[in-house]
Amino acid sequence: AATIAVVKKSEKNEPVDEPVQNNTTAVVAKPKPSVISSVDNAPSAAGVLAGRTVENIETIYFSSDSLQFTLYDNGEVDGDTVSVIVNGKMIMEKQGLSTKAISKKIYVPRGTDDELQIVMFAETLGSIPPNTGLLIVQDGNVRHEVRFSGDLKKNAGITLRRRQQE
């Protein structure tokens, strides 16, 4: 007969050592937070984008090998939720927008992606449609601010192109 280990979690949703059959103890390591080192490692979002148009609202030129994305609600905080998709890969999923910054850094080594397509996907519209937000793209010392808007039929798109070295 096989021994089945049952893992129980505490009120803080952390694994707890719990005796199981045959007086053994199931020990479960705490999962480490995932870090996306590049866009290629992010989960695919193709199914999420189906059925919505993407309206390109801005083109930004970048030169760094890493970009910091920071999200805020644009205007009144009303419960907007957004996902950020880069080149078809989900990098920020179902983020509630507020006055508190939500940040994610991605690495874009030279020669890998000289053009990135960012899609701001409205998950919810909040209490005051449409879904609106502010995306700040930090490219080294250069800061780009993009105000975006979307709904359940249309996504906001931003194109990032690597500035060619001279």
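The values are calculated or read from the model by the stated rules, or taken from the named source; none is laboratory data. In this text, all values refer to a predicted model and were calculated from it rather than measured experimentally. Cβ sites come from the backbone with ideal geometry, for glycine too, and all protein chains shown count toward neighbours. Heads up: the accessible areas ignore ligands, DNA and RNA and are worked out on the full protein's heavy atoms, side chains in. Shrake-Rupley method; radii C 1.70, N 1.55, O 1.52, S 1.80 Å.
Say R0 is 25 Å: what FRET efficiency, to the nearest 0.05, do Arg110 and Gln68 get from their beta-carbon distance? Intermediate results must be reported in sequence, preceding the final value.
Values: r = 18 Å, r/R0 = 0.70.
With R0 = 25 Å, the Cβ-Cβ based efficiency is 0.90.
Within the stretch 145-166, whose backbone N sits under 16 Å from a point 7 Å along Cα→Cβ of Ile128?
Counting only backbone N, you get 148-150.
At 25 °C and 0.890 mPa s, what whole-number value in µm²/s does Stokes-Einstein give for the translational diffusion of the stretch 86-145, with Rh from the Kirkwood sum over Cα pairs?
Details: Rh = 13.6 Å.
The Stokes-Einstein estimate is 180 µm²/s.
Which stretch or stretches of the stretch 121-163 have amide N atoms under 17 Å from the point lying 7 Å from Lys94's Cα along the Cα→Cβ direction?
Only 121-126 fall inside the zone, counting backbone N under 17 Å.
To the nearest 10 square angstrom, how much accessible area does Glu55 have with a 1.4 angstrom probe?
90
Once the dipole of the stretch 88-136 is set up with Lys and Arg at +1 and Asp and Glu at -1 on Cβ about the Cα centre, which of Val108, Gly133, Leu97 lies farthest towards its positive end?
It is Leu97.
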